[in-house]
Structures are given as C-alpha cells and as structure tokens.
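Okay, structure first, notes after.
The values are calculated or read from the model by the stated rules, or taken from the named source; none is laboratory data. Computed from a predicted model, the values in this text were never measured in an experiment. Using ideal geometry, Cβ is built from the backbone for each residue, glycine included, and neighbour counts are taken over all protein chains shown.
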Amino acid sequence: MRNRRTASLVAMGVAAALLPALTPAAASAAAPAAPALRTVDGPLAQYTQQKPRWKRCDAEGPANFECATIKVPLDYARPNGGKLDVAISRTKATSAKDRRGVLLLNPGGPGGTGLDMPLYLAPDLPDAVKKRYDLIGFDPRGVGRSSPVGCGLNDDELNWQRPYKAETFDKDVRRARTVAEKCRKRNGAVLPHLSTRNTARDMDVIRAVLGEKKISYLGYSYGTYLGAVYTQLFPKRADRFVLDSAVDPERIWRGMIQVWAEGAEPAFKRWTEWTAARNATYELGRTPAEVRTTFWNLVAGANRKPVPLDGMLLNGDDIRSLRGMFFFVEDAAETVVRLKEAAAGRTPAPAAKPSRVLPTAPVPPSFARAVPSDNGDASFWSVVCADTRAWPRDPEQYRRDAIRDRAKYPLYGDFASHIKPCAFWGPGAEPATKVDNTVRALVLQNEWDPQTPLVSGQGMRRALKGARMVTVLGGLGHGVYGAKSCADKVATAYLVTGGLPARDLSCRTPAGQKLDGPRLPPSASPAAPGTPAVPGLPGRQDRF
C-alpha cells in the first residue's frame, strides 16, 4: 500500500493484484438491467454508431499502434445528458485470414490505465492469439486520457495505508472525510457514475463502435471484476473471457481490502517454516516459533526506535505494512536480515537481488499527457466507493473492526479494516452488481498471490457457474497469463479454440522455471511511483 515514509521500500506484488475467511461483505441486491445498446436506432445510437478516427498513437511508436477517442454517456439512464471521453487503442490481428475478432485488455486498478496494453502485453502473447485478435486497449472512464478525475490530494491524504491507533483515530477519521469531501467538491456530478457497471457498458459501446457482435477479453486483478460484470450485463456478447488473478465479486470492496490481511497470515506462517529450515543461512531462528519471535521483536523494537534502512526510518507499523513480501520467502528472509542488522546498529549489506518488478518498457512521449497527479488514487476511490453501498457509515464500526482484526490477523488486520474515505462517500447511482451467470469464462489463479489470494479466485469461480479455473500450485505473484507458467497452455487453447477444460484444473510449474510475469503498463505494475519499495521485492500493493 502507499506509504510515503517507506516510499523507496517495496510493497509487494500485485495485481496486479490484484485474497480470503473474514465474513464477506454483504451482497448487494441485484441492480436493474443495463440499458440495451442499440446499434441502429434508439437513445444510444449516437454512441454506438460513432466512427472512430484512428491515428498513430505516437510519432515515435509503432506505426500499427493506433489510438482514437469516442464519447460515452455520463449516465446511461440519461444518454442525452453529459458525455465523457473514452480513449481506445488497437493493434490489428496479424492474419486477416485467421482473424476472429477483438480482445479487450485491462491491467487492473481500479485506476489503471490500459491504453498502452496492446504494446506492453503483445510480447507475452502467443502468435496464435495475435493472429486471431485485434488487441484493444482503453483507459476506463475517469482514468488517464478518458476524462480523468482528480481530487487535489496531498501526500498525507494519499497515504491510506495506516494502522489503527486509539490516539490517532480521530485524526484518521478527519483525513478520510477530507478525501471524500475534496473528491466530491471537484467531481460531484461525475462521481456517482464512475462505477464498474458503467465501465462495462462503455466496453459494450466500444464493441458496437468496432462493429463486433461479441468481444473477447483478458483482464487482470480488478480487470477480472470488470470482465465478470460485463458477462453479467451482456452475457450474449461475451465470447472468450480470461479472468486472471481474480477478485471475489461477493467481497467488493471492503472485503477485498480485508482479504489482504487474511491472505497474509498463511503466507507468513509458510515463511517462518521455510526460514527456520534455513537457519544456517539466515540465523533468524531454528524453529518457526523462533523465527516468528524474531520478527515480532523486530517490529516492537522499531516502534520504540525506528530502524534506518536505505535512507529511511522505519517503525514497526512500516514493517508490518510490507505484508506482501512474505509471499516471496527468500526475499522476505533477506529483508528481515537486513532490518535486523540495521536495528542492531550495523550497516546491512546491499540487497542481494534485483527487484522482482514486472518488466515494462519506457512510456512513449505522447503518453505523458497531463492528468491530475492524484488520478490513480482519485479514480480508485471513485470506483470502490461507488460500486457498492455496503461500506459502513459509522466510524465506530471501523474502530471496532480494526481492533478485532488486529487480534485475528496481526500483520495487517488493523490496516485493512481501518477507516477509509468510502465511509463518507455519496452512494453510487446503482447498487452493486450480483455476478451469477453461466458464461463460459476461464479463471487463472496463482496459489501464492499477495493481492488476490487463492480464496478470492475461488470466489470468482463460484460466481461464474459456467467457468473453469486453473490454479497454479506453488505459483508466486500477481498475474498468471504471460508469466510462462503451466496455465499458459490452457489459456492459449481457450482463446484460440474456445475450448475449456472439462473440469477445474490444478497444475504445478516445474521447480526452478523462471516466471517473468506479464508485461503490464507502468501505471499498473508493482513499481508504480510513490509505492513503498524494499529492494529486491515486488512493489505496489494498494490496488487490484
């Protein structure tokens, strides 16, 4: 999560990322049916009959990478009212003979820009997929080039990774209220409509504008929820949908933040066992209990006297906030050794390994179009607060829940359940979407995903009755397809032939095989600017 004091220390990998057994957030009532998107006449014809004006995205970029901007209604119930821009991009299928249609892409978020995904993801997609699909990127409404929102948040307000403390609770409540008030003041008429439901409707406008009867889709992390909502609203227009590192639709969104704490505990336990078995190397304890004691003594000591590491002073809460590192046992052990050395007054050795940050390419110059500096955070809160009305409104409930969950999930429970701006947000225009359909989608999931833990992917699978799920046993990190895991073959076969496995599958990538991770845009990658970072560990743990 975003923590300015640890701004050069690693938060763990998303999706990203990007989750598990607290009581799920109460499922909202099913929202009304989406307005039909008529392609010939009707109130939405002005949108569905647009002719995009494609042009080269960047003078220095590939000639086949084209961009356009289309209009969508702010409120689909009032299509003749306000309008928003949605930026779209494409690279055409490499074989006109084999072309099947379009493959829409989303990197996660909410708040992740996807306009440049056709460029970044293409190197990790098989030729058989690129032959059959135009790759379509887009910035969701409110994000990047698509009528971006901003709230004018300062660094203190952007830092929402905060533990519960009785002495700071009132200040934290005021901060959360201020974030909501700033966003409402700057974007009041827009906020209720920055929802996943409306982004899914925008996707259907994109479908119509491109002249397609159906769309296929590859979405990571938050993008899995967006894809699932599309299948719910437009089941007959969903062709082949790959949902990678999945969100549990029953837990949006407070429950998904809480699942970060829930998923961290088994990862921490696994780390203590792994590290104890290698005490000769790390000297953190001969048994899991000793390793656990070493870590918690380090946290307690850092709360008394912050630990200097790589130019920063880290207190115990800063160290706890790095909960995602425990999914990567070797990196976590090395980091704890360095922290222990620093706490003892010694200069720790430099990080032994380069960052695990997902590989990305430089952003083409024209993509640096000015957007509000807090656009990622503003659009994140806009969606997670507008999507569901299940956020508690009483600050005292957050206090009680944070105290309860600190005891239940010591690493991160109070961070996850602490007060959030959504407590003071206005309601979205519609209730949350109840995902419950038989569309034949494919869910991909790593066993050890820090952002969307295994239990989260299992929740998505339960919601999509016609789907199949592939679990990568021993799989690390946030993002499966494109990481050269054992799941890639199944996903490629599905996108190329439409064939799903007869049943859910588990597979194990061979020991020692290097998993590079999919290439996601910099805005969606673990190393997004301003994210806590610990050298040698993957970053970004404040998004899905």
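How about region 431-460: which of its residues are within 30 Å of K185 (Cβ to Cβ) and surrounded by fewer than 24 Cβ atoms within 10 Å (Cβ to Cβ)?
Filtering region 431-460 down to residues within 30 Å of K185 (Cβ to Cβ) leaves 431-433.
If the condition is that a residue be within 30 Å of K185 (Cβ to Cβ) and surrounded by fewer than 24 Cβ atoms within 10 Å (Cβ to Cβ), then P431 is the only one that fits.
As an exercise: evaluate A289 against (1) surrounded by fewer than 24 Cβ atoms within 10 Å (Cβ to Cβ); (2) within 22 Å of P107 (Cα to Cα); (3) among the small types (G, A, S) and give the number of the one condition it does not meet.
With (1) surrounded by fewer than 24 Cβ atoms within 10 Å (Cβ to Cβ); (2) within 22 Å of P107 (Cα to Cα); (3) among the small types (G, A, S) applied to A289, the lone miss is (2).
Hey, any hits in region 330-344 for a residue that's of a type in the set (S, T, N, Q) and either closer than 23 Å to W448 by Cα or modelled with pLDDT under 95 (or both)?
Of all residues in region 330-344, those of a type in the set (S, T, N, Q) come to 335.
Now narrow it down to the ones that are either closer than 23 Å to W448 by Cα or modelled with pLDDT under 95 (or both): 335.
Scanning region 330-344, I find at least one residue that is of a type in the set (S, T, N, Q) and either closer than 23 Å to W448 by Cα or modelled with pLDDT under 95 (or both), so the answer is yes.
Across region 358-416, what is the total count of residues that are modelled with pLDDT of 95 or more, under 17 Å from the mean Cα position of the chain (by Cα) and aliphatic (A, V, I, L, M)?
Here the count works out to 5.
Show the residue pairs that are 6+ apart or on different chains and have beta-carbon atoms under 6 Å apart, the first residue being within region 186-207 and more than 25 Å from L104 (Cβ to Cβ), the second being part of a loop (DSSP other than H, G, I, E, B) and among the aliphatic types (A, V, I, L, M).
The qualifying pairs are N187/V149.
In region 155-178, how many residues are hydrophobic (A, V, I, L, M, F, W, C), part of a helix (DSSP H, G or I) and over 18 Å from T388 (Cα atoms)? Give the steps one after another, and end with the answer.
Applying the first criterion (hydrophobic (A, V, I, L, M, F, W, C)) to region 155-178 yields 158, 160, 166, 169, 173, 176.
Subsequent filtering for residues that are part of a helix (DSSP H, G or I) retains 158, 166, 169, 173, 176.
Pick out the ones that are also over 18 Å from T388 (Cα atoms) and you get 158, 166, 169, 173.
The qualifying residues number 4.
Which one is nearest to D436 (Cα to Cα), of the residues in region 188-229 that are assigned to a helix (DSSP H, G or I) and of a type in the set (D, E, K, R)?
Pass one, region 188-229, residues assigned to a helix (DSSP H, G or I): 191-193, 196-209, 222-229.
Cutting the leftovers down to of a type in the set (D, E, K, R) gives us 197, 201-202, 204, 207.
On the way: R197: 15, R201: 18, D202: 21, D204: 19, R207: 22 Å.
So, considering only residues that are assigned to a helix (DSSP H, G or I) and of a type in the set (D, E, K, R), the one nearest to D436 (Cα to Cα) is R197.
Give me the pairs: first residue in region 432-452 and of a type in the set (D, E), second residue surrounded by fewer than 24 Cβ atoms within 10 Å (Cβ to Cβ) and in a loop (DSSP other than H, G, I, E, B), beta-carbon distance under 8 Å, and six or more apart or on different chains, which are they?
Close Cβ pairs satisfying both conditions: D436/K465.
What pairs can you find where one residue is in region 81-98 and among the acidic types (D, E), the other is outside any strand (DSSP E or B), and their Cβ atoms are less than 8 Å apart, with a gap of 6+ or different chains?
Between residues of region 81-98 that are among the acidic types (D, E) and residues that are outside any strand (DSSP E or B), the close pairs are D85/R145; D85/S146; D85/S147; D98/K131; D98/R132.
Which helices (runs of 4 or more DSSP H) sit wholly inside region 360-469 and have at least 1 residues that are within 30 Å of A122 (Cα to Cα)? Spell out how you get there, then give the answer.
Working: elements: 375-386, 395-408, 413-417, 454-463.
The helices (runs of 4 or more DSSP H) meeting that bar are 375-386, 454-463.
Find all pairs meeting these conditions: Cβ atoms under 9 angstrom apart; at least six residues apart or on different chains; first residue within region 148-169 and at positive phi; second residue buried (at least 21 other Cβ atoms within 10 Å of the Cβ).
Note: pairs meeting the criteria are G152/C183; G152/D374; G152/A378.
Give region 474-506 a look and list any residue that's modelled with pLDDT of 95 or more and not in a loop (DSSP other than H, G, I, E, B), or say none.
Passing the criteria: D488, K489, V490, A491, T492, A493, Y494, L495, V496, T497, L505, S506.
Would you confirm whether or not region 72-89 contains a residue that is among the small types (G, A, S), surrounded by fewer than 23 Cβ atoms within 10 Å (Cβ to Cβ), touching a helix residue (DSSP H, G or I) at 6+ places or on another chain (Cβ under 8 Å) and not in a strand (DSSP E or B)?
So the first thing to find is which residues in region 72-89 are among the small types (G, A, S), and the list is 77, 81-82, 87, 89.
Narrowing further to those that are surrounded by fewer than 23 Cβ atoms within 10 Å (Cβ to Cβ): 77, 81-82.
Going one step further and asking which of them are touching a helix residue (DSSP H, G or I) at 6+ places or on another chain (Cβ under 8 Å), we end up with none.
Scanning region 72-89, I find no residue that is among the small types (G, A, S), surrounded by fewer than 23 Cβ atoms within 10 Å (Cβ to Cβ), touching a helix residue (DSSP H, G or I) at 6+ places or on another chain (Cβ under 8 Å) and not in a strand (DSSP E or B), so the answer is no.
Taking the condition of a type in the set (S, T, Y) and either touching a Ser or Thr at 6+ places or on another chain (Cβ under 9 Å) or more than 19 Å from Y222 (Cβ to Cβ) (or both), does S417 pass? Before you say what the answer is, go through the steps one by one.
Values: of a type in the set (S, T, Y): yes; either touching a Ser or Thr at 6+ places or on another chain (Cβ under 9 Å) or more than 19 Å from Y222 (Cβ to Cβ) (or both): yes.
Criteria met by S417.
Only one of A238, A246, A264 is over 30 Å from L495 (Cα atoms), out of contact with any His (no Cβ under 9 Å at 6 or more places or on another chain) and among the hydrophobic types (A, V, I, L, M, F, W, C). Can you tell me which?
On the way: A238 fails: over 30 Å from L495 (Cα atoms); A246 fails: over 30 Å from L495 (Cα atoms).
That would be A264, the only listed residue that is over 30 Å from L495 (Cα atoms), out of contact with any His (no Cβ under 9 Å at 6 or more places or on another chain) and among the hydrophobic types (A, V, I, L, M, F, W, C).
Results for (1) modelled with pLDDT of 95 or more; (2) surrounded by fewer than 24 Cβ atoms within 10 Å (Cβ to Cβ); (3) touching a strand residue (DSSP E or B) at 6+ places or on another chain (Cβ under 7 Å); (4) under 30 Å from D394 (Cβ atoms), shown as yes or no for each residue.
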| residue | (1), (2), (3), (4) |
| --- | --- |
| D116 | yes, no, yes, no |
| N159 | no, yes, no, yes |
| A166 | yes, yes, no, yes |
| D172 | yes, yes, no, yes |
| A180 | yes, yes, no, yes |
| K185 | yes, yes, no, yes |
| G188 | no, yes, no, yes |
